[in-house]
Amino acid sequence: MADRVFAVGLMVLVAAFWRETAELAGASGGSPVGPAFVPRVVLALIFGLSVLLLVQSVLQAEKAVRMTGISDFLKLHWRVPVLLAGFGVYVALMEGIGFTWASVAFLLGSFALLIREYSRGILIASAVIAVGLPFGLEWLFESALNTFLP
Amino acid sequence: MDLVHILDAAGEILAPMTLLSIMLGVFFGIIAGSIPGFTFTMALVLAFPFTFAMGPIPGLALMVGIYIGGLSGGLIAGTLLGIPGTPSSVVTIFDGYPMTKNGEPARALGIGIGASVIGTILGAIVLFLLGPLIGRLTLNFGPWEIFSLVLFALTLVAGLSGDHLVKGLISGLLGVLIAMIGVAPTGQLRFNFENPQLHGGLDAIPVLIGLFAVSQLLINVEESRVDTRGTGSVHKIRLPVPRVLRDLWREKVNVGRSSMIGTFVGTLPAAGAESANFISYDRAQKAEKKEPERYGKGHPGGIVASEASNSSVAGGAFIPTISLGIPGDVAQAIMMGALILHGIAPGPGLFEREPVLVNSVYLSIIVAAVGVLIIQTLLLPFLARVTLVPKAVLVPSVLVMTAVGAFALNNRTFDIWLVLVFGVIGYFLVKLGVPLPPMILGLILGGTMEQSLIRALQIDDQVSAFITRPISGIFLALALASLIFALCRGIRGTQRRLQESSDQGTPEQDDDADGSEAETSHLTDTRTT
């Protein structure tokens, strides 16, 4: 089932890109092929392979990647989407409050999310990393590499 | 080979700052390799922004250090915990972990370190001898040959994607498609979807960080239930040097054979250290006359085969990267990216344009091998503790570092968003059983392929020139052959599986979509052997 969803997703992607190629100019004086030529070849190949994948997933159902229930997956690995969402918030915050404090907040939040067994040692180590790493990186990049972080 | 260039390169590599770069690289590479789930490729990604402020040779030397250190570092976790630090050290477990359980962890580690160092140096010697020859050959390459070569590399990588030929090809083509976003070789803007940030195209590095590093980190979050603790043997380690030297001397033929296998496999794009590992182990086991039954139960030859081959891959992998501009694996792609950032394009003509730089690569591999020996020998007790770093602390810290690395490339937060987006894409692709190396190669080489095609057609609009020019024709024939080979292998694999499932009388389960399950069960098997 997952393979079928993937194949259909690819077809949608191909359609979106193909539509874009329609707006590109054709071959001009110096070049025998236009900017749409190679992308169209690539898109046609992806489309053909998607069809093949779709057919394969139907004919060889036992070989295809199975799509376990999304709710089961989320129950088991709910930390993954939460961490991803946290990373998104972190990048958004970075533009507002700056790299250092956004990183401190992200690290503290992520440690709280991922650490399953707390001990005094882990708490101290994670607090030191959550504060030390962002400040250390900021110092390193700004003084040693002349790169100013947001 | 001009001696002057070698001496110039030696002067560059032995300069204190460059030497320090290599040693720091080796140290962090070993640490990255030691921590299960944190590969040295990730360490290379994190080191990438630091090379901006360096010259091309010290920058490349740092990366070579990480690469060599990382290839060797995987043996520590594999031997002590029975968990491979890197995918290329899986086979080390077969004999390394049983030796640890038999009370000989230091001997196992010593054999691994020794074999790894010798393998690295032998691989560098082969690179030194073969690289210039291939480099001279590539001087005759025109756009036809380059196009056909890139096409061959892409089909080879897709073909080596296990049983997933179709998904491998899709992955490679998606990489090529991503590479086409931005300005076309003909000068027009395309696939920008009205977003001004896409006008310059997608930088390969944030895409690569997302696809490879972030997706791997997310899988680590899933696997963080797997307990990596539980052995008390990591704290008291002292290498029994005379015993290790005797073991290595007894296995000298094995060291040489495994190193040559590793170097050869390294030259093949995407074949990688993992394949070299298994092939060498198989050969070593078959060549063992006295006690073949001890393989898998703690035979020194098993560790030697694994470590000599996975470390010698480095020398082989640099051959296509330097001479042809075709990175053999993701790590090579990152190093190639660092060179391009410094205005140096690897590929045909590099040996003539940058002889000192090319010689610096050989020498830095050898210096890094010596660094591996020194650092792993002296800091073994510390490195053994590093293997126990909890992923809960590691994953967020590395995510912050990937964000900084992506930002530092162009000083724009858009690149960090790219990391996030491609991290999610990479994660789902792994879940779907889509191999990522073809996509990365497509991304790196897609632009070159299109540019070569257009330039070739501008010179001569006859498409037949791609076939009638001998070298180009050979590459196209090889591309076709690799596809046919992969197809036949896929059909055979399907037939075998169907046969097996009909023999067992139970429906087959495909665990490829969930690497964590596969790995966890593998680890359980290994640890209970």
Residue match in the range B:62-73 (condition: at pLDDT 90 or above and farther than 27 Å from B:I111 by Cβ): yes
Some residue of the range A:91-114 being facing chain B (nearest Cβ under 10 Å), outside any helix (DSSP H, G or I) and either farther than 21 Å from A:H77 by Cβ or of a type outside the set (V, I, T) (or both): no
Residue within the range B:376-395 that is within 18 Å of A:L137 (Cβ to Cβ), in a helix (DSSP H, G or I) and in contact with a Phe, Trp or Tyr (Cβ under 8 Å, 6 or more places away or on another chain) present: yes
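A quick yes/no check of all residues on (1) of a type outside the set (S, T, Y); (2) on the phi > 0 side of the Ramachandran plot:
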{"position": "B:T377", "(1), (2)": "no, no"}
{"position": "B:P381", "(1), (2)": "yes, no"}
{"position": "B:V404", "(1), (2)": "yes, no"}
{"position": "B:N410", "(1), (2)": "yes, no"}
{"position": "B:I416", "(1), (2)": "yes, no"}
{"position": "B:G433", "(1), (2)": "yes, yes"}
{"position": "B:A465", "(1), (2)": "yes, no"}
{"position": "B:R469", "(1), (2)": "yes, no"}
{"position": "B:A477", "(1), (2)": "yes, no"}
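Say whether the condition of being within 30 Å of B:G210 (Cβ to Cβ) and at pLDDT 85 or above is met by at least one residue in the range B:291-310.
Scanning the range B:291-310 turns up at least one residue that is within 30 Å of B:G210 (Cβ to Cβ) and at pLDDT 85 or above.
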Residue check, A:E138 crowded, with 17+ Cβ neighbours inside 10 Å and either within 9 Å of another protein chain (Cβ to nearest Cβ) or part of a helix (DSSP H, G or I) (or both): yes
Flag for A:A127 being more than 10 Å from chain B (Cβ to nearest Cβ), assigned to a helix (DSSP H, G or I) and either loosely packed, with under 15 Cβ neighbours inside 10 Å or among the aliphatic types (A, V, I, L, M) (or both): yes
Any chance A:D3 is surrounded by fewer than 17 Cβ atoms within 10 Å (Cβ to Cβ) and either part of a helix (DSSP H, G or I) or modelled with pLDDT of 90 or more (or both): no
Residues satisfying the stated conditions in the range B:84-101, i.e. farther than 18 Å from B:E251 by Cβ, open to solvent by 10 Å² or more (accessible area, probe 1.4 Å) and either in contact with a Lys or Arg (Cβ under 6 Å, 6 or more places away or on another chain) or not charged (D, E, K, R) (or both): B:P84, B:P87, B:V90, B:Y97, B:T100
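Scanning the range B:77-121 for residues that are among the hydroxyl-bearing types (S, T, Y) and at pLDDT 85 or above, which turns out farthest from B:V265 (Cα to Cα)? Step through it out loud before you land on a result.
If we filter the range B:77-121 for residues that are among the hydroxyl-bearing types (S, T, Y), which is where we start, we get B:79, B:86, B:88-89, B:92, B:97, B:100, B:116, B:120.
Subsequent filtering for residues that are at pLDDT 85 or above retains B:79, B:92, B:97, B:100, B:116, B:120.
On the way: B:T79: 24, B:T92: 18, B:Y97: 25, B:T100: 29, B:S116: 16, B:T120: 14 Å.
This residue is B:T100.
Assess whether B:I261 counts as being open to solvent by 10 Å² or more (accessible area, probe 1.4 Å), β-branched (V, I, T), touching a Ser or Thr at 6+ places or on another chain (Cβ under 6 Å) and more than 18 Å from B:G110 (Cα to Cα).
Values: open to solvent by 10 Å² or more (accessible area, probe 1.4 Å): yes; β-branched (V, I, T): yes; touching a Ser or Thr at 6+ places or on another chain (Cβ under 6 Å): yes; more than 18 Å from B:G110 (Cα to Cα): yes.
Yes.
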Which listed residue, of B:V370, B:V421, B:V430, B:V389, is open to solvent by 40 Å² or more (accessible area, probe 1.4 Å), closer than 15 Å to A:A92 by Cα, more than 9 Å from chain A (Cβ to nearest Cβ) and touching a residue at least 12 places away in the same chain (Cβ under 8 Å): B:V421
Total residues in the range B:175-214, condition closer than 20 Å to B:P49 by Cα and either in a loop (DSSP other than H, G, I, E, B) or more than 10 Å from every other protein chain (Cβ to nearest Cβ) (or both): 14
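The values are calculated or read from the model by the stated rules, or taken from the named source; none is laboratory data. As the structure is a computational prediction, the values presented were derived from the model and not from experiment. Positions of Cβ are generated from backbone atoms using ideal geometry, with glycine treated the same way; all protein chains shown enter the neighbour counts. Note: areas computed on protein heavy atoms with side chains; ligands, DNA, RNA excluded. Shrake-Rupley method; radii C 1.70, N 1.55, O 1.52, S 1.80 Å.
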